[in-house]
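The block underneath contains the structure these notes are about, expressed in structure tokens.
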Amino acid sequence: MSQLRIAVLNAAHRDENTTRNFRRELDASLAEFDAADGEVPDDFDYDGAVVTGSRASVYWDEEWMQPVKKWVGQAIDHGIPCLGVCWGHQLLADVLDGTVADMGVYEVGYSEIEHTGESRLFDGVNETFTAFTSHSDEVAELPPGAEPIAENEYSNHGFRKDRVFGVQFHPEYDMQTARELVHRKELSDERLESVLAEITAENYQRACQAKLVFDNFVEFVREVTASEVATDTEGNATARVGQSD
């Protein structure tokens, strides 16, 4: 099978770390779009789509978000498998009629997260795992019909609805990205020092298991694509619809 084509909607306001991180983690041919400038694909000729994190909030009245939300909604209607990370997780929930709200607290640093139930997105990941987090918004109410698949004491950290997956944590982060993000935040000197002290090689290695969500998503996309190719070969009508697995 030829290499998968995945559209990456990069909402990180030209943060070079984001481009590097997703190109490293996604084993596919990536077409990147500057979502924070309102740039989206012209069509839906992709096997999958990924929406990145952002410095914005999904509920802000920002002009650039409208074409992003519209394209994502249409991509879901086309049956394109989607993965959202942090802001992308919240955007997917919003598009699917979930609720995103301010938590009233800022979760940042390496956190313990538990994945709940059975989800192929977490194949090979321990039930309780470590991941880097940075968010003050949360998916406060899941979209109708969505299944929660990860959480901690702060918020929901993952959901699935049909071919749509969202994770609140940042499995793509490396140590450089984590350090630069923390320095950008308005933290007290004490909290800044505390979070920076967590960004160690040991904690990063512990968090690397969470990167399996990318491999698992790409494998899911591959299976969906192969299934539809097989359907075409059999001469039957192809329709992208949600799978039970």
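The values are calculated or read from the model by the stated rules, or taken from the named source; none is laboratory data. This structure is a prediction, so every number in the text was calculated from the model and none was measured. Glycine also receives a Cβ, built like all others from the backbone with ideal geometry; neighbour counts cover every protein chain displayed. All accessible areas refer to the heavy atoms of the entire protein, side chains included, with ligands and DNA or RNA removed. Shrake-Rupley method; radii C 1.70, N 1.55, O 1.52, S 1.80 Å.
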Requested in this report: Please work out if ARG191 is of a type outside the set (S, T, N, Q), closer than 24 Å to TYR46 by Cα, in a helix (DSSP H, G or I) and open to solvent by 40 Å² or more (accessible area, probe 1.4 Å).
Outcome: no
Report summary line: Over the range 128-156, the set of residues over 18 Å from SER111 (Cβ atoms) and part of a loop (DSSP other than H, G, I, E, B) is LEU142, PRO143, PRO144, GLY145, ALA146
Query - Hits in the range 30-49 (condition: open to solvent by 50 Å² or more (accessible area, probe 1.4 Å) and more than 17 Å from the chain's Cα centre (by Cα)) - result: ASP37, GLU39, ASP42, ASP43, PHE44, ASP45
Query raised in the report: Can you name the number of the only condition in (1) farther than 26 Å from GLU219 by Cα; (2) of a type in the set (S, T, N, Q); (3) in contact with a helix residue (DSSP H, G or I) (Cβ under 8 Å, 6 or more places away or on another chain) that SER54 fails?
Result: (1)
Requested in this report: Scan the range 74-90 for residues that are in contact (Cβ under 8 Å) with a residue 40 or more places away in the chain and either hydroxyl-bearing (Ser, Thr, Tyr) or open to solvent by 40 Å² or more (accessible area, probe 1.4 Å) (or both) and jot them down.
Outcome: HIS78
Requested in this report: Answer yes or no: is there a residue in the range 50-60 that is open to solvent by less than 60 Å² (accessible area, probe 1.4 Å), farther than 19 Å from HIS170 by Cα and among the hydroxyl-bearing types (Ser, Thr, Tyr).
Outcome: no
Query raised in the report: If you take the residues of the range 117-132 that are surrounded by fewer than 24 Cβ atoms within 10 Å (Cβ to Cβ) and in contact with a Ser or Thr (Cβ under 9 Å, 6 or more places away or on another chain), which of them is nearest to SER54 (Cα to Cα)?
Result: THR130
Report task. Give me a count of the residues in the range 91-116 that are open to solvent by less than 20 Å² (accessible area, probe 1.4 Å) and among the acidic types (Asp, Glu). Result -> 1
Report task. Please state which of the following conditions GLU172 fails to meet, knowing it meets all the rest: (1) acidic (Asp, Glu); (2) within 30 Å of SER227 (Cβ to Cβ); (3) open to solvent by 50 Å² or more (accessible area, probe 1.4 Å). Result -> (3)
Report task. Within the range 200-238, count every residue that is modelled with pLDDT under 95, among the hydrophobic types (A, V, I, L, M, F, W, C) and either in a helix (DSSP H, G or I) or in contact with a Leu (Cβ under 6 Å, 6 or more places away or on another chain) (or both). Result -> 3
Query raised in the report: Restricting the first residue to the range 209-220 and requiring it to be under 21 Å from SER2 (Cα atoms) and touching a residue at least 24 places away in the same chain (Cβ under 8 Å), which pairs with a second residue that is open to solvent by less than 10 Å² (accessible area, probe 1.4 Å) and assigned to a helix (DSSP H, G or I) meet a Cβ separation below 6 Å and a spacing of at least six or different chains?
Result: ASN216/LEU121
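Any residue at all in the range 6-28 that is among the charged types (D, E, K, R), open to solvent by less than 20 Å² (accessible area, probe 1.4 Å) and under 30 Å from GLU202 (Cβ atoms)?
Step one: list which residues in the range 6-28 are among the charged types (D, E, K, R), which gives 14-16, 20, 23-25, 27.
Subset that is open to solvent by less than 20 Å² (accessible area, probe 1.4 Å): none.
No, the range 6-28 contains no residue that is among the charged types (D, E, K, R), open to solvent by less than 20 Å² (accessible area, probe 1.4 Å) and under 30 Å from GLU202 (Cβ atoms).
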Report summary line: Checked pairs for the range 23-44, first within 15 Å of GLY88 (Cβ to Cβ), second outside any helix (DSSP H, G or I) and of a type in the set (S, T, N, Q), C-beta under 7 Å and 6 or more apart or across chains, list as GLU32/ASN10; PHE33/ASN10; ASP34/ASN10; ALA35/ASN10; ALA36/SER54
